[in-house]
Each structure stands twice: as structure tokens, then as C-alpha cells.
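Right, one structure below, let's go through it.
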Amino acid sequence: MNLELVDPSSAEEYEDPLDLMDEIDRLKVEKDATILAHYYVDGEIQDVADFNGDSLKLARDATKVSTSTIVFCGVHFMAESAKILNPEKKVLLPDMLAGCSLAESCPADRLAAHQAKLRAEGHDFETVAYINTTAAVKSLSDWIVTSGNAREIIDRVPADKEILFVPDQHLGRYLAEVSGRELMLWPGSCMVHEIFSVQDLLRAKRNNPGSEVIAHPECPKTILDESDFIGGTEKMRRHVMETTEPTTFLVATESAMIHPLTKSAPQHTYIPVPGLMESTGETCACNRCPHMARNTLQKLRDCLKNGQPEIVWQPYFEKAREVLTRSLLQ
Ligand code: 13P
Ligand code: SF4
């Protein structure tokens, strides 16, 4: 997958970021809105947001919002989850095309067919879905996990049940290893975490003696095997905050993550692990999620101003709400 081909913000005319940030601050009050931003969106957007976090923290933060409108700077499944957990609120996403390669890899009709096939073969299982899925997939699932609570949720699945884990094969394999449970895996993966180059990681380790590798569990096993700390984005942030000795961290996740790490623990040095371009075989600094990068200050301002694009309630959100509430809020 060539991430360099995607440049979603190139068509925008330049506007001064500081002016945009002031305008966003004014509009927030005028429109009674709260801004939530994932750690993978641009630092300027994180700075103007009321809440920053990983998927789990933001889903929980969304339920604490007192304004009538939530603007979710992240990707579609995140804004959709915020709407599902807050049906009475207006939930906006600055760009409706901000998708996710993991969510796309697991369409609801294919999952339903696979579940039916497994049942016909005599499997007695529960379906555990990563939050990076559509609401339609969530409504077909028994549990929802994020990288922040996956281990605890796996432990809640009755021991006499098999587990079908969708859609991230790498997170699933890692969870099987740490939980000791056997998981039936869906063959999905994240386009950003999939491309890290183990050769470049090894070179970066050699060039930075004493450094520590921190990696997201969406990374393939080859990267996780070379890592000192494995955790979702919030766990990574907490880990660097708890490390008092100034350290060089080699960071194997989306590169916007360097912003909250630097803000939270400025005593350290952070180096993003490079990726390997599948098309050319060359190393690149292309570990930006093109979907997250669709969020820009201009689109955030426009969406506050116009009250759209909006996530519209769908009938199947009701079932997804039950599963999300049981998994993330109880
Ligand atoms: P977390 O924020 O839960 O670590 O997940 C990373 C991710 O890929 C979000 O799309
Ligand atoms: Fe999806 Fe990967 Fe982007 Fe996260 S980083 S939104 S998992 S494509």
C-alpha cells in the first residue's frame, strides 16, 4: 500500500493556523460544541481539542460531554461509537471519508457468513471485535475491545467458549500469546502498522544504543519481538511519563503520536520507526495514517460552522450500543 499517494489536504488554500485555532475556539462556544481528538491527528488539532486520547479514553470521554454537539477529530468508526454511546447528541466528523483499513477489511455481510459457517461446523464461540470496525460489525459481536482493554475483555469470555477475533490478525495473535487463549483470527491488518521495516528498526537500535522500542500491538510479530514495551497509544503515553531517566524511544506507531509523547514527557527523545514502501522496496517516513490526516484545522472549522458532516443514527446502532456499553463502560 503506497501511503504517499494519499494527500487529502493538498487542495486546501493556506490559512494561518493560529487564526484558525482562534476561530475554532470562538465557534466552539457559539455552537455549544466539545472537540475530541485522537492522538493520531495533527498536533495543532490535538492542541485545540477539549479531550485527547486513545480509542478507549475518547469513547469514555464522549459520555462525559455536557455540550449538545461533539466534534470527533479521528476516523469514522470513532465518531460512530461516540454517537452510539450518546444518541441524543449531535456528533460531527470533519471528513466523512476518514475511514480505516481495518474496519474496511471486515464487512458485516462477510462476517455474518463466516459466523454462520463456523456454527455449521459445530464451533461454540463468542465474537470479539476490535473497536476499529463498523457499527454493523459491532452489532454482530459479543464484545468490543480497544488496544487499551483487550486483555481484560478476553479474560471475560467464558473459558468454555471459543473466540473469533476480528479484524486485526496482529493484535489477535498478540492477545492469544499474552492471554493463553486460542483465537480464531480474521485476516485484517492496519495499513500503517503493517509497513514497519524490521531491518530499519534493527538499524535504528544499533544507531541509538540504550534506546527503548515502544510498539503498538497492531504491529506485526517481527516488530513486536524487537520491542521493549507493547501497548496502545494511551499506555505508551503513560509508560514514557513513568520513565524518569531521559531515554531515546524508538516509536513504532503512527507518527503523530510523537506530539502527545513530547508534550507529556519532554525529557525524552522520540524517533519514529521508518516504514518500508511495498511498491518500491524503499524506506519511507510514511507512517502517517491517511485517514487520520483527512482531519485538518480548516475542515474542523468548517464542520463547526456548518454543523456537518453529521453521523446519523441507524437502527442497528441499538444492538451495537448494548455491546459497546457492556464492553467499555461496565
Ligand atoms: P488506540 O488509540 O486504541 O491505541 O488505537 C490506535 C488506532 O489505530 C486507532 O485507529
Ligand atoms: Fe485504521 Fe490504522 Fe488508521 Fe488506526 S492507524 S485508523 S487502525 S488505518
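When both bridge partners sit in the chain, DSSP labels roughly 10% of those beta bridges antiparallel.
Taking the protein heavy atoms of the stretch 68-138 in the context of the full set of protein chains, the accessible area attributed to carbon and sulfur is 56 percent at 1.4 Å. Taking Cα centre as origin and charging only the Cβ of basic (Lys, Arg, +1) and acidic (Asp, Glu, -1) residues, the dipole magnitude of the stretch 193-330 rounds to 460 debye.
Cross-link partners of LYS205 among lysines, defined as those whose alpha carbon lies under 23 angstrom from its own and excluding same-chain residues fewer than eight positions apart: LYS221, LYS235. Computed on the Cα atoms alone, the convex hull of the chain gives a volume of 141 cubic angstrom per residue. Quick one: go through the stretch 180-195 and flag any residue whose amide nitrogen is under 18 Å from the point 7 Å out along the Cα-to-Cβ line of ASP155. Only 180-183 pass the distance filter.
Straight-line cross-link reach from LYS263 at under 14 Å between alpha-carbon atoms covers these aspartates and glutamates, not counting any fewer than eight positions away in the same chain: ASP42, GLU44, ASP47, GLU234, GLU242. Where only DSSP H runs of four or more residues are counted, the chain gives -10500 deg cm²/dmol as its mean residue ellipticity at 222 nm, each run worth -39500 (n - 2.57). Under 5 Å from the amide H of LEU183 lies no amide H of any residue 5 or more positions distant or on a separate chain, with H modelled from the backbone and absent for Pro and chain starts. Residues within the reach of a label modelled at LYS305 (point 7 angstrom out along Cα to beta-carbon, backbone nitrogen below 16 Å), restricted to the stretch 20-53, are 20-31. Each of the peptides 229-240, 91-102, 176-187, 117-128 was scored by the mean count of other Cβ atoms within 10 Å over its residues; in descending order, highest first, they stand as 91-102, 229-240, 176-187, 117-128. Summarising the label geometry, the points placed 7 Å from Cα in the beta-carbon direction at GLN267 and ASP228 lie 1.4 nm from one another.
Remark: spin-label model distance ALA120-GLU322 equals 2.5 nm, labels positioned 7 Å along the Cα→Cβ axis. Accessible surface computed residue by residue for the chain, with neighbouring protein chains in place and a 1.4 Å probe, gives 43 Å² per residue.
The values are calculated or read from the model by the stated rules, or taken from the named source; none is laboratory data. Only a predicted model underlies this, so the values are computations on that prediction, with no experimental measurement involved. Positions of Cβ are backbone-derived with ideal geometry, glycine not excepted, and every protein chain shown enters the neighbour counts. Ligands, DNA and RNA are stripped out before the accessible areas are found, and what is left, the full protein with its side chains, is counted by its heavy atoms. Shrake-Rupley method; radii C 1.70, N 1.55, O 1.52, S 1.80 Å.
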